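Q: Before I ask anything, let me first share the structure, which is written out below as structure tokens.
Read-outs: derived from the displayed coordinates by stated rules, not from any lab. Quick caveat: nothing in here was measured; it's all calculated off a predicted structure. Cβ sites come from the backbone with ideal geometry, for glycine too, and all protein chains shown count toward neighbours.
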Amino acid sequence: MKVHEYQAKELFKKYNIPIPDGGVAFNPDEAVKIAEGLGRLPVVVKAQIHAGGRGKGGGVKLAGSIDEVAGVAGDIIGMNLITHQTGPKGKIVNKVLVEQGLNIAKELYLSIIPDRGTAKIVVMASGLH
């Protein structure tokens, strides 16, 4: 099962795991409304596709003003985002996650996947330095 970042964060929120405030936008006007509703800048605008490496591919941008939110969202929505996981054809971005910018103290990645060879579940975690 593949879930977008915003969907995973909705699940976290349901179980009282803290997440940044934000929302999903399908166009620049919606992105601006979400950013205005957050009440503080900067915000992060993140492409929502099923692939890693979105930031390196230009699909994650920091916006320091409301005008910048509109511009960044307009640049990302509709773009063909190419990352190491999409392959050379890339994926079209139809929506973005707009959320409050935070100072990140530590970043962790977690994956739970089935191992077909052993018919068991594998839990992998990794920290970035």
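Q: Give a residue-ordered list of calculated ³J(HN,Hα) values for the stretch 67-75 (Karplus: 6.51 cos²θ - 1.76 cosθ + 1.60, θ = phi - 60°; whole Hz; x for Gly, Pro).
A: 4, 5, 4, 4, x, 5, 4, x, 6
Q: Provide the FRET efficiency to the nearest 0.05 for the residue 29-residue 105 pair, computing r from the beta carbons and using R0 = 41 Å.
A: Details: r = 33 Å, r/R0 = 0.81.
After rounding to 0.05, the efficiency reads 0.80.
Q: Across bins of 5 angstrom width beginning at 0, how are the C-alpha pair distances of the stretch 5-104 distributed, in whole percent?
A: Spelled out bin by bin, the stretch 5-104 gives 2, 15, 25, 23, 19, 11, 4, 0 percent.
Q: In whole Hz, with x marking every Gly and Pro, tabulate ³J(HN,Hα) for the stretch 87-100 from phi via Karplus 6.51 cos²θ - 1.76 cosθ + 1.60, θ = phi - 60°.
A: Values per residue, Gly and Pro as x: x, x, 6, x, 9, 6, 8, 9, 8, 10, 9, 10, 9, 4 Hz.
Q: Same structure, new question: Just to check I understand the Karplus step: with θ = phi - 60° and J = 6.51 cos²θ - 1.76 cosθ + 1.60, what whole-Hz values come out for the stretch 26-40, glycine and proline as x?
A: Listing the rounded values in order: 9, 7, x, 4, 5, 4, 5, 4, 5, 4, 5, x, 6, x, 7 Hz.
Q: Roughly what angle does helix 5-14 make with the longest principal axis of the chain, taking Cα atoms, 0 to 90 degrees, to the nearest 10?
A: Result, in degrees: 80.
Q: When only Cα pairs under 8 Å and 6 or more residues apart are kept, what is the percent relative contact order across the chain?
A: Working: 225 pairs, mean separation 33.5, N = 129.
It comes to 26 percent, rounded to a whole number.
Q: Which order do peptides 73-86, 42-55 fall in by mean Cβ count within 10 Å, highest first? Spell out each step's value before the answer.
A: Numbers: 73-86: 17.3, 42-55: 20.1.
Result, highest mean first: 42-55, 73-86.
Q: Would you please give the residues with an amide H less than 5 Å from that of residue 52, counting only those at least 5 places away or on a separate chain, with H modeled from the backbone geometry?
A: 85
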